[in-house]
Amino acid sequence: MQNLVITKKGRELMAKLIAGDVTAEFTKVKTSDYNYSSVALEDLTDLYQIKQSVSVSQISRTDMTTVEVQAAINNREVNEGYYVRAVGLYAKSSDNGEFLYAISISKHPDYMPPFSGQTVSGITFKLSTKVDNSTQVLIEVDPAASVTTQQLQDVIGTVTAHDSATIHSEQGFHGFRLFNETLQFYNAETSEWVDATTGGSGFPPSNVINSRIKTSNGKLTIYWSDPEDTVIDGQTVCTWKGTKLVQKVGSFPENVKDGILLVDNQERNRYMNNGFDINSLNNGTIYYFQLFPYSDKKTVNENPVNRLNAAPTHYRKMTAIIDLSNSNPATCVTYADNAEEMVPGSADWDVFFGHYPCLFKDHAVVGRLNPNNFEQFED
């Protein structure tokens with residue numbers, strides 16, 4: 001995210017804080033998927049297209065003019081994934097209601113996936129903002145706010161000190177447990193333990209690379225390269241485990257369960273060169289696909305950029321690639337697409353293009369010739 005931009009109403013509040021006329025508190029952090037690239041951020045009083053709203057989980061003074069606000073969001077109630085293009089920090093003063101105090105936008109937004117029913121993904125925000133008189137800012141936190149990753153780690157450090165009740169057990173402690181090397185929380189509504197992925201383990205893999213479709217008669221072949229592990233500052237924050245290919249007729253799959261699972265590939269780049277063949281398809285029917293890379297922590301990349309669609313066709317695409325730096329006519333041409341299996345100089349080319357030798361006179365074909373003896377007609 002970029003630096004926080006304080007809105008005009010935020011600056012008005014700051015002036016009142018300096019004068020000592022009001023007190024203020026930070027209340028909410030909200031996310032939006034709206035593209036703010038052409039918006040005057042200072043004029044905003046609220047976010048557009050708000051996707052999620054959470055209470056502030058921690059506030060602390062870093063100096064006399066700056067406070068640090070922390071908040072955590074997760075996808076437990078997210079039915080449709082979205083990109084976190086903007087984060088808004090909300091405040092309210094003793095003489096005013098709640099309003100947008102500051103906003104931060106992202107050029108490379110994180111993706112918040114929909115809740116799969118099993119794995120919870122989350123993002124923690126740590127926002128530092130100027131207030132110029134932090135003694136007038138109330139340091140109060142909503143007790144119902146979600147905890148951040150750091151707060152959770154602090155709790156774990158405290159809980160593991162207990163001998164009689166530890167988070168490192170099947171029973172857990174205070175609704176959390178570290179079981180089979182996976183952090184889980186207890187869902188009282190379903191009476192189940194659910195994987196809780198925060199911090200690094202909550203990152204989905206990157207997008208697939210060089211995905212493409214080759215069309216053939218009643219057949220499609222999909223090629224792609226699987227993403228590498230995600231490494232930030234020398235630390236691996238996401239380990240690719242596999243990529244699922246899902247097919248659907250009529251529209252693109254929205255998630256891995258929305259359509260037919262064609263393959264769950266766990267061998268990196270297995271289909272980079274040879275491709276995955278899909279046979280017995282109807283020519284002219286458009287088939288929709290999406291590739292879903294997933295991590296060893298079960299976080300799934302549902303980015304629409306991994307979508308492909310095509311219709312099988314009875315015709316073939318024949319591509320000849322000429323290497324202009326190679327002057328040898330016997331080796332300077334290679335073939336691609338449906339021509340990959342063709343042999344240079346083969347009569348198969350004449351069959352494909354419908355070429356035949358003939359006697360041509362006065363702008364017209366007199367008759368076809370015998371391909372083995374040009375002194376004779378075909379008959």
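The values are calculated or read from the model by the stated rules, or taken from the named source; none is laboratory data. Because the structure is a prediction, the values reported are computed rather than measured. Ideal geometry is used to build each Cβ from the backbone, glycine not excepted, and the neighbour counts take in all protein chains shown. For accessibility, only protein heavy atoms count, side chains too; no ligands or nucleic acids. Shrake-Rupley method; radii C 1.70, N 1.55, O 1.52, S 1.80 Å.
Carbon and sulfur atoms: what percent of the 1.4 Å accessible area of segment 277-342 do they account for? Could the numbers behind the result be given before it?
On the way: 1860 of 3790 Å².
Carbon and sulfur atoms account for 49 percent of the accessible area of segment 277-342.
Sort Glu12, Glu77 by accessible area with a 1.4 Å probe, largest first. Write down the numbers at each step before the final one.
Values: Glu12 105, Glu77 165 Å².
Descending accessible area places them as Glu77, Glu12.
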I'd like to check one number: the per residue accessible area of segment 29-128, probe 1.4 Å, reported in Å² as a whole number. 45 Å²
Could you please put Tyr271, Tyr111 in sequence from largest to smallest accessible area, using a 1.4 Å probe? Tyr111, Tyr271
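Only four residue types carry charge here, +1 at the Cβ of Lys and Arg and -1 at the Cβ of Asp and Glu. Report the dipole size of segment 249-379 about the Cα centre in Debye, rounded to the nearest 20.
Taking the Cα centre of segment 249-379 as origin, the dipole is about 520 debye.
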Compactness ratio of segment 1-125: Cα Rg over 2.2 N^0.38 Å, N = residue count? 1.10
Quick one: what are the phi-derived ³J(HN,Hα) couplings along segment 238-252, Karplus 6.51/-1.76/1.60 with θ = phi - 60°, whole Hz, x for glycine and proline? 7, 10, 5, 10, x, 9, 9, 10, 10, 10, 8, 9, x, 6, 6
For segment 302-379, using Cα atoms only, the Rg and Dmax in Å read 19.3, 65
Neighbour net charge for Val263 - beta-carbon separation under 13 angstrom, K R +1, D E -1: -2
With θ taken as phi - 60° and the coefficients 6.51, -1.76 and 1.60, list the Karplus ³J(HN,Hα) couplings across segment 212-219 in order, rounded to whole Hz; mark glycine and proline as x. 7, 10, 9, 9, 9, 6, x, 8
Rounded to two decimals, what ratio of Rg to Rh does segment 258-307 give with C-alpha atoms and a Kirkwood Rh? 0.98
For segment 24-64, what relative contact order do you get, as a whole percent, if you take Cα pairs closer than 8 Å and at least 6 residues apart? 52 percent
Using +1 at the Cβ of each Lys and Arg and -1 at the Cβ of each Asp and Glu in segment 238-361, identify which of Phe276, Met342, Pro304 lies farthest towards the dipole's positive end. Pro304
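Loop only by DSSP, 14 or fewer other Cβ within 10 Å of the Cβ. Give me the GluC sites (Glu not before Pro) in segment 231-302 that pass, ordered by residue number. Don't skip to the answer; put the middle values down first.
Values: sites: Glu254, Glu267, Glu302; in loops: Glu254, Glu267, Glu302.
Within segment 231-302, the qualifying GluC sites (Glu not before Pro) (loop, at most 14 other Cβ atoms within 10 Å) are Glu267.
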Could you check how much of the accessible area of segment 1-100 is carbon and sulfur, as a whole percent, using a 1.4 Å probe? 41 percent
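Keeping the other protein chains in place, figure out the carbon and sulfur percent of the accessible area of segment 233-273, with a 1.4 Å probe.
Working: 1040 of 2470 Å².
Of the solvent-accessible surface of segment 233-273, carbon and sulfur hold 42 percent.
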